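Peer 1: Encoded as structure tokens, here's the structure I'll be asking about.
The values are calculated or read from the model by the stated rules, or taken from the named source; none is laboratory data. Keep in mind that this is a model prediction, so the values were computed, not measured. Backbone-built Cβ (ideal geometry, glycine too); neighbour counts: all protein chains shown. Ligands, DNA and RNA are excluded from the accessible area calculation, which covers all protein heavy atoms including side chains. Shrake-Rupley method; radii C 1.70, N 1.55, O 1.52, S 1.80 Å.
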Amino acid sequence: MRQPTPAQRALGMPRSAIREIMALAAGRSGMIHLEVGEPEFSTPEHIVAGALQAAREGWTKYTPNAGIPSLRARIAERYANSRNIRVEPEQVTVTVGAIGSLFTAVMAVADPGDEVLIPDPGWPNYESILHLAGVRPVRFVQPGDNGFLPDPDDLQRLITPATKAIMVNSPGNPSGAVFPAGLVQDIADLAREHGLYVISDEIYEDIVFDGGHVSFSGRGIDDRTLVVSGVSKTYAMTGWRLGYLIAPAELGPVCAALQEPIISSAPAVSQKAAEAALSGPQACVEEFRSIYRRRRDIFLEEFDATGLLPSVPAGAFYGLVDIGRKGLDSLAFAKSFLLEENVAVVPGITFGPSCDRYVRVAFTIGDDDLREGLGRLRAYILA
Ligand code: PLP
């Protein structure tokens, strides 16, 4: 008799090596956690208060697929001001986390069998999303000796008739690399020349230390650029699960409609919390950024003159450390380092094959623990 079998699409979904590290770290006491990719701060009080008030006022029901109109308008206004471009609220889709915006963007522009270019190293969820969508991921390398920035010529070589979009992430996870304006423009020009969409993950846009964030918006390709952002990282709101997508005008309704079978709408209370975040006092954004900058500087100090840092992170809250001299692959290194030194880091292989000689550390714990963890990492590599 025929037995039911689970979907290959689900079973074959690529999973990240970080799970093994988390499993090893679970339950060990005194662990220093350099692996966690979320702000450790609590959500600022005025945002929590806004959400509580909204719940009491009855924001406890479904909302339109694309989100609460006042939030869409606020996002459009903020986005237009920060990038000095015109954005209509109809271009904005509110999603469950930035991850929801990434999934929506892929579903909106690529069909099964199409190809999408993704960064290596890059956030592993890009590959999982493409896998679920039946879209073929094609990795472009962002080499350490180029500051983990892509070379537009490499990108061009990977473009085929099946390519639909280029996915980019600046400030970048895991390297903290920030694309300079010239590179953004070159990639934008490439997309225009080859008739491609750009899906730009700008979730770390407010965490840039040196210079400013350069958006893919306003580069002459706004008719084909989908920008992903949200409140998770900027306002320490990861658990509220609230992201947003700004799409070209013609794709706005498509992205909104895609929410119906996936989430109907993002949670109403979280949308109101995001509205409180985007409309309220902004001092917390600078406060968090300066704390991350200070910790990035601790990272640079701890590895000063060791030759172990391939680049200086200019944004986000991550840095990569070169473990090449240990002669271990990054997963083996991360496991033995955890077991021997009680410090968790993320093996570089999680972010792509080009990243296996690095481990990622996150600046999401207090200064003293950060120094201690980084000190142990330095000593372990140099031993
Ligand atoms: N994009 C990148 C590069 C990330 O690192 C993350 C979270 O770690 C996200 C998107 C997802 O953000 P959210 O928590 O809003 O879904």
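Peer 1: Tally up the residues in the stretch 105-130 that are open to solvent by 20 Å² or more (accessible area, probe 1.4 Å), assigned to a helix (DSSP H, G or I) and in contact with a helix residue (DSSP H, G or I) (Cβ under 7 Å, 6 or more places away or on another chain), please.
Peer 2: Total satisfying the criteria: 3.
Peer 1: Which count do you get for residues in the stretch 258-296 that are open to solvent by less than 60 Å² (accessible area, probe 1.4 Å) and either charged (D, E, K, R) or part of a helix (DSSP H, G or I) (or both)?
Peer 2: 22
Peer 1: While we're here: Output the residues belonging to the stretch 117-136 that are in contact with a strand residue (DSSP E or B) (Cβ under 9 Å, 6 or more places away or on another chain) and more than 15 Å from the ligand (Cβ to nearest atom).
Peer 2: LEU117, HIS131, ALA133, VAL135, ARG136
Peer 1: May I pose another question? Got a sec? Which helices (runs of 4 or more DSSP H) wholly within the stretch 12-92 have at least 1 residues that are at pLDDT 95 or above and surrounded by fewer than 17 Cβ atoms within 10 Å (Cβ to Cβ)?
Peer 2: 45-57, 69-83
Peer 1: How about the stretch 304-343: which of its residues are of a type in the set (A, V, I, L, M) and either open to solvent by less than 10 Å² (accessible area, probe 1.4 Å) or under 27 Å from GLU205 (Cα atoms) (or both)?
Peer 2: LEU308, LEU309, VAL312, ALA314, ALA316, LEU320, VAL321, ILE323, ALA334, LEU338, VAL343 - these are the residues of the stretch 304-343 that are of a type in the set (A, V, I, L, M) and either open to solvent by less than 10 Å² (accessible area, probe 1.4 Å) or under 27 Å from GLU205 (Cα atoms) (or both).
Peer 1: Check the stretch 55-70 and report whether any residue there is touching a residue at least 60 places away in the same chain (Cβ under 8 Å), within 16 Å of the ligand (Cβ to nearest atom) and under 20 Å from the mean Cα position of the chain (by Cα).
Peer 2: So far as the stretch 55-70 goes, no, none of its residues is touching a residue at least 60 places away in the same chain (Cβ under 8 Å), within 16 Å of the ligand (Cβ to nearest atom) and under 20 Å from the mean Cα position of the chain (by Cα).
Peer 1: Please determine, by comparing only the residues of the stretch 93-104 that are outside any strand (DSSP E or B) and among the β-branched types (Val, Ile, Thr), which one is surrounded by the most Cβ atoms within 10 Å (Cβ to Cβ).
Peer 2: Looking at residues that are outside any strand (DSSP E or B) and among the β-branched types (Val, Ile, Thr), I get THR104.
Peer 1: Taking the stretch 184-206 as the region of interest, how many residues are aromatic (Phe, Trp, Tyr) and either open to solvent by less than 10 Å² (accessible area, probe 1.4 Å) or within 14 Å of the ligand (Cβ to nearest atom) (or both)?
Peer 2: Residues that pass the stated criteria total 1.
Peer 1: In the stretch 230-257, what residues are away from the ligand (no atom under 11 Å from the Cβ) and open to solvent by 20 Å² or more (accessible area, probe 1.4 Å)?
Peer 2: Within the stretch 230-257, ALA249, GLU250, PRO253, VAL254, ALA257 qualify.
Peer 1: Provide a single number: the residues in the stretch 156-183 that are crowded, with 23+ Cβ neighbours inside 10 Å and either aliphatic (A, V, I, L, M) or out of contact with any helix residue (DSSP H, G or I) (no Cβ under 7 Å at 6 or more places or on another chain) (or both).
Peer 2: Looking only at that region, the number is 14.
Peer 1: Considering LEU328, LEU320, LEU374, LEU309, which residue is in a strand (DSSP E or B) and not small (Gly, Ala, Ser)?
Peer 2: Matching residue, one of LEU328, LEU320, LEU374, LEU309: LEU320.
Peer 1: With the requirement that a residue be crowded, with 24+ Cβ neighbours inside 10 Å and either of a type in the set (Val, Ile, Thr) or farther than 21 Å from SER16 by Cβ (or both), what does the stretch 350-372 give you?
Peer 2: If the condition is that a residue be crowded, with 24+ Cβ neighbours inside 10 Å and either of a type in the set (Val, Ile, Thr) or farther than 21 Å from SER16 by Cβ (or both), then THR350, VAL359, VAL361 are the ones that fit.
Peer 1: Continuing with this model, one more query. Among the residues that make up the stretch 207-221, is at least one of them in contact (Cβ under 8 Å) with a residue 60 or more places away in the chain, within 12 Å of the ligand (Cβ to nearest atom), under 12 Å from PRO171 (Cα atoms) and not in a helix (DSSP H, G or I)?
Peer 2: Yes - at least one qualifying residue is present in the stretch 207-221.
Peer 1: Condition first: in contact with an Asp or Glu (Cβ under 6 Å, 6 or more places away or on another chain) and either modelled with pLDDT under 95 or part of a loop (DSSP other than H, G, I, E, B) (or both). Now tell me which residues in the stretch 222-252 satisfy that.
Peer 2: THR234, PRO248
Peer 1: Please enumerate the residues belonging to the stretch 131-144 that are of a type in the set (A, V, I, L, M, F, W, C), in a helix (DSSP H, G or I) and either touching a Ser or Thr at 6+ places or on another chain (Cβ under 7 Å) or open to solvent by 20 Å² or more (accessible area, probe 1.4 Å) (or both). Let's see the steps before the verdict.
Peer 2: Applying the first criterion (of a type in the set (A, V, I, L, M, F, W, C)) to the stretch 131-144 yields 132-133, 135, 138, 140-141.
From the residues that got through so far, the ones that are in a helix (DSSP H, G or I) too are 132-133.
Within the stretch 131-144, LEU132 is the sole residue that qualifies.
Peer 1: On to the next question. Only residues that are within 14 Å of the ligand (Cβ to nearest atom) and either in contact with a helix residue (DSSP H, G or I) (Cβ under 6 Å, 6 or more places away or on another chain) or hydrophobic (A, V, I, L, M, F, W, C) (or both): list them for the stretch 81-101, please.
Peer 2: Of the stretch 81-101, the ones within 14 Å of the ligand (Cβ to nearest atom) are 93-101.
THR93, VAL94, THR95, VAL96, ALA98, ILE99, listed by residue number.
Peer 1: Is it the case that the stretch 154-162 has a residue that's within 15 Å of the ligand (Cβ to nearest atom) and either without any contact (Cβ under 8 Å) to a residue 40 or more places away in the chain or in a strand (DSSP E or B) (or both)?
Peer 2: For the stretch 154-162, residues within 15 Å of the ligand (Cβ to nearest atom) and either without any contact (Cβ under 8 Å) to a residue 40 or more places away in the chain or in a strand (DSSP E or B) (or both): absent.
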